[in-house]
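The values are calculated or read from the model by the stated rules, or taken from the named source; none is laboratory data. What you see is a predicted model, and the numbers here were worked out from it, not measured in a lab. Cβ placement follows ideal geometry from the backbone for every residue including glycine, while neighbour counts extend to all protein chains displayed. To get the accessible areas, we keep the full protein, side chains included, count just its heavy atoms, and leave off ligands, DNA and RNA. Shrake-Rupley method; radii C 1.70, N 1.55, O 1.52, S 1.80 Å.
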Amino acid sequence: MTATTPTAPAPPAAEAARTGTGPLSAGRRWTEHGLVFTAPFLLLYALFLVWPVLLGLKMSLGDDNITGTGSTFTGLDNYAEALRDPGVWSSLWNTVWFTLLSTVPLVVTGLVLALLAHHLRVVQWLWRLSWFTPFLLPSGVVGLLWLWMIYPSDFGLADLLLRSFGLDPGIGWLTDTRYAMLSIVLTTVWWTVGFNFLLYLAALQAIPQHLYEAAELDGAGAWRRLRHITLPMLNRTTGVVVVLQLLASLKIFDQVYIMTGGGPDESTRPILQYVYEAGFTGYRIGYASAVSYVFFALIVIVSLIHLRMTRRSREEAAK
């Protein structure tokens, strides 16, 4: 009969590590799930984004002023006032109108410039640099450049161009309600189209070249290759460009504030400028916060509608 040697009990630390309990295993789980590496980002994210959002929501429910004193809880009164305020709706319409006017030119112009830069073989680097450089300029530089050099009456480059074609240069580019928004759209297209151009150019370079070679062997011309190969292969990029452009256009503020100040007759004042004026000129921080959250809710609704339409189109394409 063979004698068995009793096994010594495992130490508490080893037993905790084996069973998945204890401080050592907790630290190991943090490392395995990457929480140790993402913790600094999560902390900064909560500090600079989550906390301001919650604080702004709290202020929108009171009559906070710019001094931060004497605040009382008012409930949804600020939101009710914002929905009745004609200034909110007029500035919101200006923002939507700018978005509608600028999105299509920015997408189409970016695509055309990318196609030209992709197929031009002479000083290709110069074309890419010249079309992308304006995007690197600060908004203040762009606004003052067009305000002082392009749009001044009689001596601005815009009037000189019209005069060279024999047209009447007497146009109030930034002082006439008929042309002020169009002038800002033109400035924005020149300034920001370089970003869309860069995205389209990268997508064009990722299209396999053998697709074009096979289509050319089958007798497809340049227009058919563009229609049946290039544009379908750019569908995803176009979707990204449109979404980014919509979000950027809805946040318009800098160039309008510099070039027109929201005029003439508040015809170019966007919703963010109205929030700025309500909070820092009218000293009503609580009301300005409520207007901001009304605008945020509208953006969320538009985003959900766009997401639903995109998902439905993908499902139909998959069928």
Segment 96-122, residues that are in contact (Cβ under 8 Å) with a residue 40 or more places away in the chain and either more than 19 Å from residue 268 (Cβ to Cβ) or polar (S, T, N, Q) (or both): 99, 102, 103, 107, 109, 110, 111, 113, 114, 115, 117, 118
Residues (within 10 Å of the chain's Cα centre (by Cα) and open to solvent by 60 Å² or more (accessible area, probe 1.4 Å)) located in segment 230-268: 244, 247, 251
Test: residue 225 is under 25 Å from residue 83 (Cα atoms), more than 18 Å from the chain's Cα centre (by Cα), of a type in the set (D, E, K, R) and surrounded by 13 or more Cβ atoms within 10 Å (Cβ to Cβ): no
Helices (runs of 4 or more DSSP H) lying entirely in segment 76-173 (those with 2 or more residues that are touching a helix residue (DSSP H, G or I) at 6+ places or on another chain (Cβ under 6 Å), surrounded by 17 or more Cβ atoms within 10 Å (Cβ to Cβ) and not aromatic (Phe, Trp, Tyr)): 77-84, 86-119, 139-145
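Rundown of residues vs (1) at pLDDT 90 or above; (2) of a type outside the set (Phe, Trp, Tyr); (3) within 21 Å of residue 270 (Cβ to Cβ), yes/no style:
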position: 149; (1), (2), (3): yes, yes, no
position: 164; (1), (2), (3): no, yes, no
position: 172; (1), (2), (3): no, yes, yes
position: 177; (1), (2), (3): yes, yes, yes
position: 180; (1), (2), (3): yes, yes, yes
position: 184; (1), (2), (3): yes, yes, yes
position: 189; (1), (2), (3): yes, yes, yes
position: 197; (1), (2), (3): yes, no, no
position: 217; (1), (2), (3): no, yes, no
Checklist (1) surrounded by 16 or more Cβ atoms within 10 Å (Cβ to Cβ); (2) in contact (Cβ under 8 Å) with a residue 12 or more places away in the chain applied to residue 220, failing item: (2)
Single residue of segment 51-65 satisfying the filter (surrounded by fewer than 19 Cβ atoms within 10 Å (Cβ to Cβ) and among the charged types (D, E, K, R)) that is farthest from the chain's Cα centre (by Cα): 63
First in segment 42-70 and in contact (Cβ under 8 Å) with a residue 12 or more places away in the chain, second anywhere and open to solvent by 60 Å² or more (accessible area, probe 1.4 Å) and in a helix (DSSP H, G or I), Cβ under 9 Å, 6 or more apart: 61/77; 63/77; 64/58; 66/280
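For every residue, the table says whether it meets (1) more than 30 Å from residue 118 (Cα to Cα); (2) under 30 Å from the mean Cα position of the chain (by Cα); (3) charged (D, E, K, R).
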{"residue": "155", "(1), (2), (3)": "yes, no, no"}
{"residue": "160", "(1), (2), (3)": "yes, no, no"}
{"residue": "168", "(1), (2), (3)": "yes, no, yes"}
{"residue": "173", "(1), (2), (3)": "yes, yes, no"}
{"residue": "176", "(1), (2), (3)": "yes, yes, yes"}
{"residue": "179", "(1), (2), (3)": "yes, yes, no"}
{"residue": "184", "(1), (2), (3)": "no, yes, no"}
{"residue": "188", "(1), (2), (3)": "no, yes, no"}
{"residue": "191", "(1), (2), (3)": "no, yes, no"}
Hey, residue 151 aromatic (Phe, Trp, Tyr) and over 30 Å from residue 239 (Cβ atoms) or not: yes
Any hit, segment 259-269, residues being at pLDDT 90 or above, under 29 Å from residue 132 (Cα atoms) and aliphatic (A, V, I, L, M): yes
Positions within segment 42-61 being closer than 10 Å to residue 290 by Cβ and not in a loop (DSSP other than H, G, I, E, B), in sequence order: 56, 57, 59, 60
